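Peer 1: Quick one: structure below, then a few questions.
The values are calculated or read from the model by the stated rules, or taken from the named source; none is laboratory data. What you are looking at is a predicted structure, and each value in this text was computed from that prediction instead of being measured. Every residue, glycine among them, receives a Cβ derived from its backbone with ideal geometry; neighbour counts consider all protein chains shown. To get the accessible areas, we keep the full protein, side chains included, count just its heavy atoms, and leave off ligands, DNA and RNA. Shrake-Rupley method; radii C 1.70, N 1.55, O 1.52, S 1.80 Å.
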Amino acid sequence: MAGFAPSLKFVDAHAIPDTLRDKLTPDICVYPLSDQPQGDAKTDFSRMDLFIEFKFADTSDPFCDPEDPLRPQVGEFRFESDTEHSQLVRGQLASYAAAHAGSQFRVHIFCVLICGKYARFIRWDRDGATVTRRFNYIQEPHFLSGFFWRYERLNRLQQGYDTSVLRATSADIQQIHLFENTLRNKNPAHREFRVLMVPDRNNPKIEKKFIISFPPKYTARSPFGRATRPMMAYDMESREIVFLKDYWRADVDGMKKEGEIYALLESNNVPNVAPFGNGNDVRDHTTLTHTFRDEKWACWSREMVLLRHYRMSLGVVAQPLITFSSSREFVGAIADAMEGKTSFANITPMTNS
């Protein structure tokens, strides 16, 4: 593939797992030439562009195509094969996708599944996975080579990268010299620092800079859902360490943004609430899988809702409740939470959210 995608490096990594991500390892890891694993490492989900998984037999394909892709069968037909082996293969792919998206800041990711002489492309976002019908890559090699040729020519956002996260400059790092160890020591996977943009609660087009340890902690073991990631961050405006949360929220009627809820709590003087910093939807980052459900080629799938990428900061960094130093401190924390909850329950406008 080097001739079709010269800026990408294809690495046989099947025998050398990523020790920081549950010792997972796809068969082929595809990296940008500018950011490859160091030393003897072969698998590093935090650097990976996409991955390829091989199965020797055609029958290992965990999906079944309808006879007419534009008029898929209904009722008895299932796109997902229900054999035990098929379930294991889908689970394997999902675990790789979760590790990949969870080790970087991604809007979506791609992978390639090859079973015998057949191949499929899969696009993953937090709402689901879109799988192409299979093709014989021996008889139609241009499908496979064309995919990588096109992928290399996409811009970063089209490839699935979160462009609101940037590499930290030397000037950025100079600002955190007093807090560098604090951020580094909280992340056992720390490799470098990144600048992360957080939108304003009232105007999402206004973004503030925060510095975080990268890669983020690998916490979400599923490729789907909210994928909440808590982390510590350096607020470059206030020049202090704050709490930051990154996740995907369901955008449905009656469900408020978290920043709006904090504003309501603040306006009603609800006690014992962490001070809200910044937070809103991140640019135009949304899931797309749900939009394909009504396409003519789409097989049946469960109901899905639009998910939007949301990011926020709080002005304090809390400690885990289990670190209490005395029973008095523990009971006091519970009492504070109960007081806040009681006040929260008395806010009438919150009953429909």
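Peer 1: Please work out which one of (1) over 22 Å from Leu20 (Cα atoms); (2) exposed (fewer than 14 other Cβ atoms within 10 Å of the Cβ) is the condition Gly91 fails and give its number.
Peer 2: In the conditions (1) over 22 Å from Leu20 (Cα atoms); (2) exposed (fewer than 14 other Cβ atoms within 10 Å of the Cβ), Gly91 misses (1) alone.
Peer 1: Additional query: Within the stretch 304-315, can you find the residues that are open to solvent by 50 Å² or more (accessible area, probe 1.4 Å) and touching a Lys or Arg at 6+ places or on another chain (Cβ under 8 Å)?
Peer 2: Applying the first criterion (open to solvent by 50 Å² or more (accessible area, probe 1.4 Å)) to the stretch 304-315 yields 305, 308.
Selection gives Arg308 alone.
Peer 1: Name the residue that is surrounded by the fewest Cβ atoms within 10 Å (Cβ to Cβ), counting only residues in the stretch 321-337 that are of a type in the set (Gly, Ala, Ser) and assigned to a helix (DSSP H, G or I). Give the derivation first.
Peer 2: Taking the stretch 321-337 and keeping what is of a type in the set (Gly, Ala, Ser), we get 325-327, 332-333, 335, 337.
Narrowing the set further to residues that are assigned to a helix (DSSP H, G or I) leaves 327, 332-333, 335, 337.
Details: Ser327: 8, Gly332: 12, Ala333: 15, Ala335: 11, Ala337: 12.
Of everything passing the filter in the stretch 321-337, Ser327 is surrounded by the fewest Cβ atoms within 10 Å (Cβ to Cβ).
Peer 1: Among the listed residues Glu192, Glu180, which satisfies the condition of being exposed (fewer than 15 other Cβ atoms within 10 Å of the Cβ) and acidic (Asp, Glu)? First the steps, then the outcome.
Peer 2: On the way: Glu180 fails: exposed (fewer than 15 other Cβ atoms within 10 Å of the Cβ).
Within the list Glu192, Glu180, the selection yields Glu192.
Peer 1: Just need a number here: residues in the stretch 44-69 that are of a type in the set (S, T, N, Q), touching a helix residue (DSSP H, G or I) at 6+ places or on another chain (Cβ under 8 Å) and within 19 Å of Phe214 (Cβ to Cβ).
Peer 2: Count: 0.
Peer 1: In this structure, does Gln174 turn out to be at pLDDT 95 or above, surrounded by fewer than 14 Cβ atoms within 10 Å (Cβ to Cβ), out of contact with any Pro (no Cβ under 8 Å at 6 or more places or on another chain) and of a type in the set (S, T, N, Q)? Can you show your working first?
Peer 2: Numbers: at pLDDT 95 or above: no; surrounded by fewer than 14 Cβ atoms within 10 Å (Cβ to Cβ): yes; out of contact with any Pro (no Cβ under 8 Å at 6 or more places or on another chain): yes; of a type in the set (S, T, N, Q): yes.
Judged against the criteria, Gln174 is not a match.
Peer 1: Take the residues of the stretch 25-43 that are surrounded by 14 or more Cβ atoms within 10 Å (Cβ to Cβ) and in contact with a Ser or Thr (Cβ under 6 Å, 6 or more places away or on another chain): which is farthest from Asn155 (Cα to Cα)?
Peer 2: Selected residue: Thr25.
Peer 1: May I pose another question? With open to solvent by 70 Å² or more (accessible area, probe 1.4 Å), among the aliphatic types (A, V, I, L, M), in contact (Cβ under 8 Å) with a residue 40 or more places away in the chain and touching a strand residue (DSSP E or B) at 6+ places or on another chain (Cβ under 9 Å) as the only criterion, which of Ala318, Ala274 stands out?
Peer 2: Within the list Ala318, Ala274, the selection yields Ala318.
Peer 1: On to the next question. Within the set of pairs 6 or more residues apart or between chains, which connect a residue that is farther than 11 Å from Thr287 by Cβ inside the stretch 122-139 to a residue that is among the charged types (D, E, K, R) and at pLDDT 95 or above with Cβ atoms less than 6 Å apart?
Peer 2: Note: pairs meeting the criteria are Val131/Arg120; Thr132/Arg120; Arg134/Arg120; Asn136/Lys117; Ile138/Lys117.
Peer 1: So Asn185 clears everything in (1) modelled with pLDDT under 95; (2) open to solvent by less than 70 Å² (accessible area, probe 1.4 Å) except one condition, right? Which one?
Peer 2: Result: Asn185 passes all but (2).
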